[in-house]
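Only the coordinates and a few stated rules stand behind these numbers; no lab work does. Everything numeric in this text was worked out from a predicted model, so none of it was measured. A quick note on method: Cβ atoms are made from the backbone with ideal geometry, for glycine too, and the neighbour counts reach across all protein chains shown.
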Amino acid sequence: MKYTEEHEWLRVEDDVVVVGITTHAAEQLGDVVFVELPEEGTEVARDDEVVVIESVKAASDILAPLDGEITEVNAVLSDEPSKVNDDPEGEAWFFKMKVEDLSVMDDLMDEAAYKNFIG
Amino acid sequence: MTEALKRTPLYEMHLELGAKMVPFAGYDMPVQYPLGVLKEHQHTRAKAGLFDVSHMGQVVLRGADYESVARAFETLVPVNALGLNEGRQRYGFFTNETGGIEDDLMFANRGDHLFVVVNAACKEADIARMTSALAPDITVEVIEDRALLALQGPGAEAALSRLNPAVADMAFMDVATVDLGGACCWVSRSGYTGEDGFEISVPSAGAEDLARSLLAIEEVEPIGLGARDSLRLEAGLCLYGHDIDAETSPVEAGLTWAIQKLRRAGGSREGGFPGADRIISDLAEGVARKRVGLKPEGRAPMREGVPLFAEEDGGEAIGQITSGGFGPTVGGPIAMGYVPAALATEGAIVYGEQRGKRAPLRVVKLPFVPAGFKR
């Protein structure tokens, strides 16, 4: 598992990258009440806003962690946004994306580095 | 330049309970506890929640007798204070010369004096206003040695009755001096959540003991400012500085119910408060914009500041959202805001613009959740 400074986790699964937010991020957001997902097939560039999350407190975005194409979204989250709080690093992944070169993930933080990052 | 945040007498207890503290109106206040905003909200609607609202201003006005204090107080508020019976509380607001609202408040006839509770963010200005307008005939005594707690929810009566069964006999908006675990408390049957409940002014020295004895009751959980906001929004209640301010008249804000007939045109104590000309003419002639309840038709919450439009495309903004978010009991997004009078009718559709897109909202009746007051 790899991590970004935007508190996303990335996991490679069958050559696509699965993206979600970390437990730490979900705790900071508070109870999630709304999730707006991108359309499957969308080409995204790194740092594009791809997902809107609203918690009881505020709205925030998830940025695309890499350049690539959104191949699948976890539509369940639109109906059950609270899953983001229940299982952020498991069931509540947001989208899967296809990237040209998986080696770009080497630049991201590993678990130890992320733990250090959030202190 | 940063000024140190003030602390309420319950500060240490909040930390011990694991509260997340945030600055609010100059105080370090609990925004949520480990339960989280959503569950705290639901707990208050289902059972009972304990809120620390000690940041609010508590003021005692004294004169020769209640009548003389009430007469003086009526020069600042468009409300019937003189006719308020002993042991009763009423909602009101300070108005300004242009008919806007300077702050909203609760006041009570406590026999030989009038007790006022004002918003934290406005209390300095309110105290200055009362002092300059009412002194020296009326003394303005700022209560600094009392905390203020709110116990809210359908289980509030049963919970507080364990400390003193006399509170069960109080009706909505009754006030009384009540012994709670040895502390001499000023209790009112009121609150700002839309639920039955009590607000308790307790000597600071006994505040933590009282809070702990209430929290020891199984049905009672501590509730932070986050849930306080979603509860009052579902109840359709105004938050000063957001839904009402120095520019909004009480008529625009839909608070005319708080202006008794005898302070209006033709009433026995007509006018005589700041901005009476505008408020009385607004009452007679109507206003151009009104505060309404708004329900986004989609799932996305729309928050304060979102501009409202009459059309899905083009046109100028016609109003804006003044409070908005997710209503946990409603189970969806809810908001309040100002729209032109012509659109202030149930079922009208307006469009809110956020993230570059417009989405429809339906004008609905307030409150979003029926009140559970014990009349």
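Of note:
- In this label model, B:K6 and A:E100 are separated by 6.0 nm, measuring between points 7 Å along each Cα→Cβ vector.
- Cross-link reach list, aspartates and glutamates versus B:K123, counting only Cα pairs under 13 Å and skipping chain neighbours closer than eight places: B:E102, B:D103, B:D104, B:E141, B:E144
- Each of B:H14, B:H41 has some number of other Cβ atoms within 10 Å of its Cβ, and from fewest to most they run B:H14, B:H41.
- Over the protein assembly as shown, the ratio between the Cα radius of gyration and 2.2 N^0.38 Å evaluates to 1.09.
- Among beta bridges that DSSP assigns inside the protein assembly as shown, antiparallel share in %, nearest 5: 95
- Nonlocal amide H pairs with A:D67, under 5 Å, H built at 1.01 Å: A:R46
- Here the gap between A:D67 and A:E27, fully extended at 0.36 nm per residue and compared with their Cα-Cα distance, gives a gain of 11.7 nm.
- Over chain B: helical MRE at 222 nm, DSSP H runs n ≥ 4 each giving -39500 (n - 2.57), nearest 500: -5500 deg cm²/dmol
- Counting every other Cβ atom within 10 Å of each residue's Cβ, A:T23, B:T8 order from fewest to most as A:T23, B:T8.
- Exceedance of the 32 Å cut-off in Cα-Cα distance is limited, within the set A:K57/B:K261; B:K6/B:K47; A:K2/B:K295; A:K83/B:K20; A:K96/B:K357; A:K57/B:K47, to A:K57/B:K261; A:K2/B:K295.
- Mean per-residue shielding of peptide A:47-57 is 4, counting Cβ atoms of other chains within 10 Å of each Cβ.
- Ellipsoid semi-axes for region B:288-375, based on the Cα gyration tensor and the rule √(5λ), read 22, 15, 10 Å when sorted largest first.
- Cβ crowding within 10 Å, taken as a proxy for footprinting-reagent exposure, orders A:W9, B:W257 from fewest neighbours to most as B:W257, A:W9.
- Across region B:347-362, computed HN-Hα scalar couplings (Karplus, 6.51 cos²θ - 1.76 cosθ + 1.60, θ = phi - 60°) run x, 5, 10, 10, 10, x, 10, 9, 6, x, 10, 9, 9, x, 10, 9 Hz from first to last residue, x flagging Gly and Pro.
- Placing unit charges on the Cβ atoms only, positive for Lys and Arg and negative for Asp and Glu, gives region B:107-262 a dipole magnitude near 180 debye about its Cα centre.
- Packing rank of B:287-293, B:184-190, where each peptide gets the mean count of other beta carbons within 10 Å, highest leading: B:184-190, B:287-293
- Distance from region B:284-321 to region B:192-226 (C-alpha centre basis), Å: 36
- Taking packing as the residue-averaged number of other Cβ atoms within 10 angstrom, the listed peptides B:147-160, A:56-69 run from highest to lowest as B:147-160, A:56-69.
- Averaging over all projection directions, the Cα-based convex hull of region A:2-101 occupies 5.5 nm² in the image plane.
- Shielding by partners - mean other protein chain Cβ count within 10 Å, residues of B:294-303: 3
- Taking every alpha-carbon pair within region B:1-75, the share separated by more than 18 Å comes to 57 percent.
- All Cα-Cα separations within chain B were binned at 20 Å from zero, giving a P(r) of 28, 58, 13, 0, each value a whole percent of the pairs.
- Placing unit charges on the Cβ atoms only, positive for Lys and Arg and negative for Asp and Glu, gives chain A a dipole magnitude near 380 debye about its Cα centre.
- Charge dipole magnitude, Cβ of K and R +1, D and E -1 - region B:288-375, Cα centre, debye nearest 20: 520
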